[in-house]
Amino acid sequence: MEFTEAQLDQWLADFFWPLVRIAAMVMTAPIFNTRQIPVRFRLLLAVLITLLVQPVLPPSPVVAVFSVDAVMIAAQQIAIGAALGFLMQMVFNALIFGGQVMAYSMGLGFANMMDPANGVNVPVIAQFWLILAMLAFLMMNGHLVLISAIVDTFTVMPVAVDGLTRAGLWELVSWASRMFAAGVLMALPVIIALLLVNVGMGVVSRAAPQLNIFAIGFPISILLGFVLIWVTLPQVMSSFGSLVSEAFDHSAVLLNTR
């Protein structure tokens with residue numbers, strides 16, 4: 001059995017360029033990019049996914065390794081994979097933002113813990129939401145849908161010098177506002193309830209100035225906050241699921257922006 005140089009170049013191109021795009025998604029997408037997973041394991045996962053999906057992908061262009069076209073293609077593959085992963089990352093950051101807003105309203109803004117996914121300190125409420133969101137994301141097979149989405153990008157946006165344009169990047173940046181809106185919407189019931197409690201405490205302090213309102217109001221705010229977290233948890237997880245579906249729908253719009 002003999003192989004020509006053109007065949008070897010085509011096989012190498014069909015494997016390498018999809019690997020770059022899939023690896024960029026794995027390095028930036030939630031669940032996959034947690035700090036507990038070593039980089040070598042993430043690279044191995046990207047290679048495994050590429051080997052499994054490569055037979056169903058369209059053929060890639062063969063270009064010289066040290067050329068301007070090769071650099072442009074590599075940049076496009078990294079941009080497309082990172083854009084999809086960053087879009088899903090903003091969904092999880094919406095929970096972190098909502099948990100921070102809720103923690104500050106309860107008076108627990110000082111209670112922080114290390115986020116194992118990002119390596120930064122976040123309020124414990126945000127970390128609690130984030131852990132539940134990761135479990136819900138895995139239960140709804142979000143990781144499989146994410147892999148399916150990155151495979152579909154090779155049909156919508158094949159490997160080429162031109163791919164993700166300035167309009168597509170602007171769509172990605174503009175969707176970041178949805179992250180803040182969703183985070184506030186998740187924490188809004190708790191914020192309003194605690195605001196009413198603080199207003200009531202203000203009325204009590206005016207009616208009975210001899211009471212130590214700080215000694216009374218702080219435990220009440222924390223206790224009521226925990227009760228509201230328990231009551232609103234189904235609504236928060238439902239909003240998270242809707243936000244994940246919206247992010248996947250927006251990824252189709254992002255990749256179709258030419």
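Observations on the model:
- Cα-based shape type of region 125-233, given that a ≥ b ≥ c are square roots of the gyration tensor eigenvalues and the cut on a/c is 1.5: prolate
- Modelled FRET efficiency - R0 45 Å, Arg178 with Ile216, Cβ distances, 0.05 increments: 0.70
- Rounded, prolate or oblate (a/c below 1.5 giving rounded, otherwise prolate when a/b exceeds b/c) for region 143-195 by Cα gyration tensor: oblate
- The chain pair-distance distribution - Cα-Cα, 5 Å bins, rounded %: 1, 6, 12, 14, 14, 12, 10, 8, 6, 5, 4, 3, 2, 1, 1, 0, 0, 0, 0, 0
- Each helix, a run of at least 4 DSSP H residues, gives -39500 (n - 2.57); summed and divided by the residues of the chain, these come to -26500 deg cm²/dmol at 222 nm.
- Proxy reagent accessibility, fewest Cβ within 10 Å first, across Ile22, Ile131, Ile229: Ile131, Ile229, Ile22
- Between helix 142-156 and the chain: long-axis angle, C-alpha atoms, 0 to 90°, nearest 10: 40
- Charged side chains reduced to their Cβ positions (Lys and Arg at +1, Asp and Glu at -1) give the chain a dipole of some 960 debye around its Cα centre.
- Cα centroid of region 9-43 to Cα centroid of region 186-247, whole Å: 42
- Relative contact order (%) - criterion: Cα under 8 Å, at least six apart; region: the chain: 25
- Exposure proxy ranking for Val244, Val161, Val236, based on other Cβ atoms within 10 angstrom of each Cβ and starting from the fewest, stands as Val161, Val244, Val236.
- Ranked Arg166, Arg42, criterion: other C-beta atoms within 10 Å, fewest first: Arg166, Arg42
- Alpha-carbon gyration tensor eigenvalues x 5, square-rooted, for region 39-92, Å: 23, 17, 12
- The C-alpha atoms of the chain define a longest principal axis, and helix 176-207 lies at about 10 degrees to it.
- Taking 0.36 nm per residue of separation and subtracting the Cα-Cα distance, full extension of the segment from Ala64 to Leu51 would add 2.4 nm.
Values in this text are rule-based calculations from the coordinates and carry no lab data. Being a predicted model, the structure only gives us computed values, none of them experimental. Cβ atoms come from the backbone with ideal geometry, glycine included; neighbour counts cover every protein chain shown.
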